[in-house]
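The values are calculated or read from the model by the stated rules, or taken from the named source; none is laboratory data. Keep in mind the model is a prediction, meaning the values are calculated, not measured. Cβ coordinates were reconstructed from backbone atoms using ideal geometry, including for glycine residues, and neighbour counts include every protein chain displayed. The accessibility values were calculated without ligands, DNA or RNA, using every heavy atom of the protein model including side chains. Shrake-Rupley method; radii C 1.70, N 1.55, O 1.52, S 1.80 Å.
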Amino acid sequence: MTALLPEGYHDRLPPYADAAASVEARVLEAARLHGYERADPPSIEFAEALGSRLKAGGLHDAVRFVDPVSQRTLAIRPDLTAQVARIAATRMGHHPRPVRLSYAGTVVRLRGSELAPAREWRQIGAELIGLDSTAAATEVVRVAVEALVAAGTTGISIDFTLPDLVDLLAAGPLPVAADQVAALRDRLDAKDAGGVAAIAPAYLPLVEAAGPFASAMERLRAFDTQGVLASRLDALEAIAAALGEGVSMTLDPTERHGFEFQSWLGFSLFVAGPPREVGRGGTYTIFHEDGAEEKATGFSLYADAIVATAPPTERRRLFLPFGTVPETGASLRGQGWVTVQALEDGDTPEAQLCTHILDNGQPRAIAG
């Protein structure tokens, strides 16, 4: 029984743990090259503070407990975005805007889902805080794509959404009773035409508006007869144009699941392999200590999901027979070899999972 782990948790063993660490390093380096500097918040914070930093909250599905020292409720972070928002609003509140921050760390959630049963993840991402513009959103989406390329993925695709679409329309050209807005959002998210018709038939064209980016944009333009969505659609087209033809793009304007705190833009990131996303991003709002609001845009990737799309490449390990002088090993490591030194005379390359052996001073591949 001592080898069992709680539901939703697992050990990361070699070579997958090494592969995940490599993905993390490459994603952070891609962000660094665009000016995003690393922040490293703690894994636990006061629940009240963590839950109040983002406009739509930051404690969804959080594990909470009472701190025996302070006797206050603490929360294990379910997402790093709210923590980075806190850092930008407080410790770096004096910093000229926009602030560019990257991060990587473990997040824990109260429960998993059918598609993603794990309750612990390694989250990697970047946030651009203090600017809400098409240029800012374009940079973040492009950095996310470059990070996926750097991580070694292929077949990158993006599914865009407009998280506040229903709220915008319901408060303007297509009024909906306040107590029906949430239900309408849910029915549109589920593509439930009957449910939408029962609440607000004027929204039915949005059920069919999802699909390949170009055709979905045409349907949305036709639906937006009063031009209420024009600025958002213009921004989406500018972002898509900046990505070029190397990325597949779709648009689902009423997708809300997983975008509870995003504002006008949200996007899911996919790569060749499993159907579930390997990351998400979008625009959102941060609260400062004095109640002031600040706009931000960011993305998060999950190393485990990326590694799962393609198993790690074969190990390349060089066995150094017993008695090999340290200088020889140092020279070979300087050439890029991973060396494994035999520590007793009976040690073998097979026992140490080596692919090569040092033979007469030269690496030689081991047959079979």
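Taking the stated definitions as given, is F299 surrounded by 19 or more Cβ atoms within 10 Å (Cβ to Cβ), over 35 Å from the mean Cα position of the chain (by Cα), part of a strand (DSSP E or B) and at pLDDT 95 or above?
No; evaluated as a whole, the condition is false for this residue.
Is it fair to say A296 is in the same structural domain as A147 (by the TED database) and not basic (K, R)? Show your work before the answer.
Numbers: in the same structural domain as A147 (by the TED database): yes; not basic (K, R): yes.
Taking the combined requirement at face value, the residue satisfies it.
Suppose we filter R97, R122 for residues that are in a loop (DSSP other than H, G, I, E, B) and either open to solvent by 20 Å² or more (accessible area, probe 1.4 Å) or in the same structural domain as F270 (by the TED database) (or both); which single one remains? Before you say what the answer is, go through the steps one by one.
Working: R122 fails: in a loop (DSSP other than H, G, I, E, B).
Answer to the check: R97.
List pairs: first residue in segment 276-290 and more than 30 Å from V307 (Cα to Cα) and in contact (Cβ under 8 Å) with a residue 24 or more places away in the chain, second residue in a strand (DSSP E or B) and hydrophobic (A, V, I, L, M, F, W, C) anywhere in the structure, Cβ distance under 9 angstrom, at least six positions apart or on different chains.
These pairs meet every condition: T285/L54; T285/A296; I286/L54; I286/I129; I286/A296; F287/L54.
For the condition outside the structural domain of L188 (by the TED database) and over 26 Å from A183 (Cα atoms), what is the one hit in G246, G279?
On inspection, the qualifying residue turns out to be G279.
Just checking, how many residues over segment 285-296 are open to solvent by less than 50 Å² (accessible area, probe 1.4 Å) and modelled with pLDDT under 95?
Residues that pass the stated criteria total 5.
Name the single residue, out of those in segment 200-236 being closer than 18 Å to R256 by Cβ and of a type outside the set (A, V, I, L, M, F, W, C), that is least open to solvent (accessible area, probe 1.4 Å).
Residue satisfying both the conditions and the ranking: Y203.
Sort out which residues of segment 50-93 are open to solvent by less than 20 Å² (accessible area, probe 1.4 Å), part of a loop (DSSP other than H, G, I, E, B) and among the aliphatic types (A, V, I, L, M), and write them in order of number.
A62, L80
When only residues in segment 302-342 that are of a type in the set (S, T, N, Q) and outside any helix (DSSP H, G or I) count, which is surrounded by the most Cβ atoms within 10 Å (Cβ to Cβ)?
Per the criteria, the residue is T339.
Mind checking which pairs have a first residue in segment 1-15 that is without any contact (Cβ under 8 Å) to a residue 24 or more places away in the chain and a second that is open to solvent by 100 Å² or more (accessible area, probe 1.4 Å), Cβ under 8 Å, 6 or more apart or different chains?
Hits for this filter: L5/D11.
Specify the residue that is surrounded by the fewest Cβ atoms within 10 Å (Cβ to Cβ); the eligible residues are those in segment 237-269 that are out of contact with any helix residue (DSSP H, G or I) (no Cβ under 7 Å at 6 or more places or on another chain) and within 15 Å of F213 (Cβ to Cβ).
E245
Please find, among A104, A47, A19, the residue that is in contact (Cβ under 8 Å) with a residue 12 or more places away in the chain, more than 30 Å from R315 (Cα to Cα) and open to solvent by less than 30 Å² (accessible area, probe 1.4 Å).
So the residue among A104, A47, A19 that is in contact (Cβ under 8 Å) with a residue 12 or more places away in the chain, more than 30 Å from R315 (Cα to Cα) and open to solvent by less than 30 Å² (accessible area, probe 1.4 Å) is A47.
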